[in-house]
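The values are calculated or read from the model by the stated rules, or taken from the named source; none is laboratory data. Because the structure is predicted, anything quoted here is derived from the model rather than measured. Counting neighbours? That spans all protein chains shown, and the Cβs are built from the backbone with ideal geometry, glycine included. Ligands, DNA and RNA are stripped out before the accessible areas are found, and what is left, the full protein with its side chains, is counted by its heavy atoms. Shrake-Rupley method; radii C 1.70, N 1.55, O 1.52, S 1.80 Å.
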Amino acid sequence: MNERLNTLRHLMSRLNVAAAIIPGTDPHQSEEPCDHWKLREWITGFTGSYGTAVITQNDARLWTDSRYFLQAELQLADSGFSLMREDIDPDIRQWLAENLEEDDVLAIDGRLFSVRETNRLEQFCGENGLMLATDFPVAERIWADRPERPLTPTFVHNEELAGETVDSKLSRTRAAMEGMGADSLFIASLDDIAWLFNIRGNDVEYTPVTIAFAYVDMRQAVLFIDKEKVTDEVAAHLKRYDVAWKPYDDVEHFLTRRSEHNVTIIDPDRVSDALANAMPCAKIYAPSPTTALKAVKNPVQLAGFLSAMERDGAALVRLFKWIEEKVAAGEQVTEISIANRAIEERSKSELYHSESFGMIAGYREHGAIVHYHATPECDATLQPSGLLLIDCGAQYLDGTTDITRTITLGIPTPDEIHNYTLVLKGHLALARAQFPVGTCGVQLDAIARMPLWQEGKAFFHGTGHGVGHFLGCHEGPQSIRTNLNPTALEPGMITSDEPGLYLAGQYGIRIENLILCVEGEKTEEFGNFLRFETLTLFPYDLRLIDRSMLTAEETEQINAYHATVRERLTPFLAADEAEWLAQKTLAIQ
């Protein structure tokens, strides 16, 4: 890492660059880029999905949020980088203002920064007498063994699973464009492109997308994709819907030739500054209409989710039963072996495609690392005591799953029981919430946090994220978190419900289900309401619940949920597995 840092500083010195910012994303602003664009990881050693590096001649820092504080401290050791904790330490702009001098050059690669973020940096530089260079392609200059851009084949996501044709999606997208006063749309986000054209790929780990750009106007739709990725099936599929396709690297040239009379929608958070500047046309900076359309799942997709949850729940019954029996028998079970076993159980389904993210199996203190990932160096062996946190999910052709359960492997302590029950109470409260149409996630967030807050405890990650249909496990535009997000929840949106509590060096607790927004009560006096239905099917750990802390409503809610889990999963289980589940879902008083 130090060699790479020195190489970058040498390049900066030659080009008179005082500071460089390296993000953890790609030209599509992906949460998890493919290896080709993991420059920040390559130069820092930090593997978290969120983080930004800043390098000067005399210093190097990495900013990340509370999910990754513990992980970053471990991975940045001896790297030459110091950790900066978001919302605690000075932010990037504050730090740069204190460490740069007037007329210094701040450099970025404009292909990796969104329009909005570049505009913020331009404003910052103007206010502080700095110069911003947006043409600093670090990867091409110093990353000698850089992985190639993936050329894995794209494949068609059948309409029988997608529930809507490409023609229908294009028609709805164009109607939305027209309503926004635009005649064209440029899309860089990979999940929106996959949804719009009913295609999928294997270019990004855990998310079945293909690397591409897309342009849509009232007459044509164009997909920019490497030709090696277009199979005969995909070519025929695109031709069927009059979708033209051009080489991926032709996108900038294509955009420069758009008429200045066009009015193009550009998502300022998902389109890079470099590509936006290539367009001579008038621009409407707004989220792509495909993002909102994609978030509301159709009846076929919802039926797929329900089916996927049953298969996933059955696989998890086999996994957790295996864990408990092996640990009780004194056989070796490690965090990594749990992850491998989960893949083995889930892949028994013909519709299984991959994990939806890298499993988090955190035993004891590892569970307190929010996005912990076991490696051979830190792979813990389970003992018949302590808490085990498992956060995992799968991509099935008919749906995406994401679940977290915390279980005890022995006799839990009073504190473990108490804290687990606090987290569970917040989880249950959000699941049974009813709220007026037009409510945003930020207005519901405190419901899941209140039991913890009342005891002076808290968690610092979001309570809920959107989930895609055989797409991104983390999907917008909706969310449930403390950050202001003006997106109102709508029927058909799927969101996670995952409060937690983390005690560094001791244990972590998180409980997560996926919940579907549906219609609730309708009244003449107060208008219409919405509520949630729980999709995930797997029991809570009864051994960690303090019944005396539960209300009658919460007790009934747990029993009703467990009865549903038992009814839905039992047909997929062998007799001994069904008996195990029956014991885990006994009614509580």
Would you mind telling me which numbered condition in (1) hydrophobic (A, V, I, L, M, F, W, C); (2) at pLDDT 95 or above; (3) buried (at least 24 other Cβ atoms within 10 Å of the Cβ) Leu382 fails? (3)
Quickly run through region 260-306 and pick out the residues that are free of Cβ contacts under 8 Å to residues at least 60 places away in the same chain, touching a strand residue (DSSP E or B) at 6+ places or on another chain (Cβ under 9 Å) and in a loop (DSSP other than H, G, I, E, B). Glu260, His261
Residues that are surrounded by 17 or more Cβ atoms within 10 Å (Cβ to Cβ) and among the small types (Gly, Ala, Ser), drawn from region 501-519: Gly508
Candidates Leu316, Leu409, Leu382 - the one that is touching a residue at least 60 places away in the same chain (Cβ under 8 Å), among the aliphatic types (A, V, I, L, M) and over 30 Å from Glu159 (Cα atoms): Leu409
Restricting attention to region 174-189, does a residue exist that is under 30 Å from Gln301 (Cα atoms), surrounded by 23 or more Cβ atoms within 10 Å (Cβ to Cβ), at pLDDT 95 or above and out of contact with any strand residue (DSSP E or B) (no Cβ under 7 Å at 6 or more places or on another chain)? yes
Every residue from region 133-148 that is touching a Phe, Trp or Tyr at 6+ places or on another chain (Cβ under 8 Å) and either within 22 Å of Arg270 (Cβ to Cβ) or buried (at least 21 other Cβ atoms within 10 Å of the Cβ) (or both): Thr134, Ala139
Can you spot a residue in region 310-333 that is within 20 Å of the chain's Cα centre (by Cα), in a helix (DSSP H, G or I) and buried (at least 23 other Cβ atoms within 10 Å of the Cβ)? yes
The residue that is modelled with the lowest pLDDT, considering only those in region 43-58 that are surrounded by fewer than 20 Cβ atoms within 10 Å (Cβ to Cβ) and not β-branched (Val, Ile, Thr), is Ser49
I'm checking my understanding of the structure. Among residues of region 62-76 that are touching a Leu at 6+ places or on another chain (Cβ under 8 Å) and either of a type in the set (Val, Ile, Thr) or in a helix (DSSP H, G or I) (or both), which one is nearest to Leu96 (Cα to Cα)? Thr64
Scanning region 503-547 residue by residue, the ones that are more than 26 Å from Ala578 (Cβ to Cβ) and among the polar types (S, T, N, Q) total 3
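Residues being out of contact with any helix residue (DSSP H, G or I) (no Cβ under 8 Å at 6 or more places or on another chain) and either buried (at least 20 other Cβ atoms within 10 Å of the Cβ) or part of a helix (DSSP H, G or I) (or both): count how many of those fall in region 92-115.
So the answer is 5.
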In the list Thr487, Thr523, which residue meets the criterion of being crowded, with 17+ Cβ neighbours inside 10 Å, β-branched (Val, Ile, Thr) and over 17 Å from Leu424 (Cβ atoms)? Thr487
Residue set Ala342, Ala361; condition open to solvent by less than 10 Å² (accessible area, probe 1.4 Å) and part of a strand (DSSP E or B); output residue Ala361
Scan region 212-228 and give yes if some residue there is open to solvent by 20 Å² or more (accessible area, probe 1.4 Å), free of Cβ contacts under 8 Å to residues at least 12 places away in the same chain and not in a strand (DSSP E or B), otherwise no. yes
Would you check which residues across region 77-91 are assigned to a strand (DSSP E or B) and of a type in the set (A, V, I, L, M, F, W, C) and list them? Leu83, Met84
Which of the residues that make up region 152-173 are open to solvent by 10 Å² or more (accessible area, probe 1.4 Å), outside any loop (DSSP other than H, G, I, E, B) and closer than 19 Å to Leu351 by Cα? Phe155, Val156, Glu159, Glu160, Leu161
Quick one: in region 474-531, which of the residues that are assigned to a loop (DSSP other than H, G, I, E, B) and of a type in the set (Ser, Thr, Tyr) is modelled with the highest pLDDT? Thr487
Collect the residues in region 270-316 that are within 21 Å of Asp191 (Cα to Cα) and of a type in the set (Asp, Glu), keeping them in residue-number order. Asp273
Matching entry among Asp415, Asp445 (being open to solvent by less than 10 Å² (accessible area, probe 1.4 Å) and free of Cβ contacts under 8 Å to residues at least 40 places away in the same chain): Asp445
All-but-one check, Leu76 against (1) under 30 Å from Gly508 (Cβ atoms); (2) more than 28 Å from the chain's Cα centre (by Cα); (3) crowded, with 18+ Cβ neighbours inside 10 Å, failing number (2)
Looking only at region 418-442, and only at residues there that are among the β-branched types (Val, Ile, Thr) and in a helix (DSSP H, G or I), the one that is surrounded by the most Cβ atoms within 10 Å (Cβ to Cβ): Val423
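Looking only at region 532-560, how many residues end up being open to solvent by 30 Å² or more (accessible area, probe 1.4 Å) and either assigned to a loop (DSSP other than H, G, I, E, B) or more than 22 Å from Ile411 (Cα to Cα) (or both)?
Result for region 532-560: 10.
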As an exercise: evaluate Trp245 against (1) surrounded by 18 or more Cβ atoms within 10 Å (Cβ to Cβ); (2) of a type in the set (Phe, Trp, Tyr); (3) more than 16 Å from Leu170 (Cα to Cα) and give the number of the one condition it does not meet. (3)
Do you know which residues across region 273-299 are crowded, with 18+ Cβ neighbours inside 10 Å and among the small types (Gly, Ala, Ser)? Ala274, Ala276, Ser288, Ala295
